[in-house]
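Just so you know, all these numbers are worked out from the coordinates, no wet-lab data involved. Predicted model, so just to flag it, every value in this text is computed and none were measured. We place every Cβ from the backbone using ideal geometry, glycine too, and count neighbours over all the protein chains shown.
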Amino acid sequence: MDIQRTGSLAVSPDTMSSLEKQLSCPICLDMFTKPVVILPCQHNLCRGCASDLYDSRNPYRFSGGVFRCPTCRFEVVLDRHGVHGLQRNLLVENIIDIYKQQQEGGGGTSEPPLKPKTSEPMCEEHEDEKVNIYCVTHQVPTCSMCKVFGQHKDCEVSPLASVYQAQKGELSNAIDALVAGNGRLQALLNQMEEACKAVQDNGQRAKQRLGERFDSLYAALEERKGALLERIGKEQDEKVAALRGLARRYGDRLQAGTELTDTAVHALEQSSAAEFLQSSRGLIAQTKDAAKSSLAEERPEPGFERMDHFTLSTEHVETLLSKMDFGADDDEEYEDAEEEEEE
């Protein structure tokens, strides 16, 4: 490794092409972007690509979960850190650095290699100085020259490695807290979904119970309506039958009176006094009796034809029904009103 970093090796283009394929991410199909994570199946992925793939299949950010390798489909059970909990493959990252240096240095040509570019950031003000310390005052990384001669000479500084470890641990803790918060949010989402389903189920049952109660009311009203209609019909039939009976008797007497009248008129038309006198006394008696009986004929009582006593007052029931609402008290009042109506 050290030899490749400092020297120039003759490498064929085919070898470099093969190496580039081996260093390509199966997700983005480009060369691995650091940091590179290694799965238990020994396949490598850009952590950014792995995170995007995991998030697309885990939109609610569950704490932990199953991640499937895009190369061999091997399923990996992730801990609460998710993709960030996978181990970095530093060997592959070093090989990528060597490959890029080799490409920048002209590959396997015989020309002297260019000075390899370091992967570490350099100070903007002191181009030959690496960023190796951290300015605690301004919260920025800087170089030693800036601390001695530059704008950070009066600032409090700390070793870059210690700050790196501290902030890395802080970020890891923040990720843990975020993942835990996502887990709580997912639990709340699940509770809301279950609550919505319970509300829908309970509402459907309440609608069904309400429909059954109203069906019972309709049935009771129809039954009561039938009973009252039967009473009206019975009295109506009785009165009509009585009136028709009287009408038949009146008709019979009218016919008898008409016949008697015709006989009496015929007797008056006779020219013989003897013949008239032979039947006149009987006709006179019959005519007087018939006239008296017509005056004493049975008649219906005044108002016999009226049916006003079958008027039904429903205002109090309508008022009660219009105020009917949900609750045990209303149900009890309604039952009491039903009992009073039945009485």
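Quick notes on this one:
- Using R0 = 51 Å, the C-beta based FRET efficiency linking Q167 and K207 works out to 0.30.
- Simple spin-label estimate for H309 and L217 in nanometres, 7 Å along Cα-Cβ: 3.2
- Here r is the Cβ-Cβ distance between H138 and V199 and R0 is 45 Å; the resulting FRET efficiency, rounded to 0.05, is 0.25.
- Whichever lysines have a C-alpha closer than 23 Å to that of K34, once near sequence neighbours (fewer than 8 apart) are set aside: K21, K100, K115, K117, K130, K168
- Additional length obtainable on full extension of the chain from R184 to L320, 0.36 nm per residue less Cα span: 44.0 nm
- Net length gained if the chain between D30 and L268 were fully extended (0.36 nm per residue, minus Cα distance): 71.5 nm
- Shown for segment 202-287 is the translational diffusion coefficient from the Stokes-Einstein equation, using the Kirkwood radius over Cα pairs, a temperature of 10 °C and a viscosity of 1.306 mPa s: 83 µm²/s.
- Ranked by the mean number of other Cβ atoms within 10 Å of their residues, highest first, the peptides 302-308, 251-257 fall in the order 251-257, 302-308.
- Relative packing of 86-94, 45-53, 198-206, which averages over residues the other C-beta atoms within 10 Å, highest first: 45-53, 86-94, 198-206
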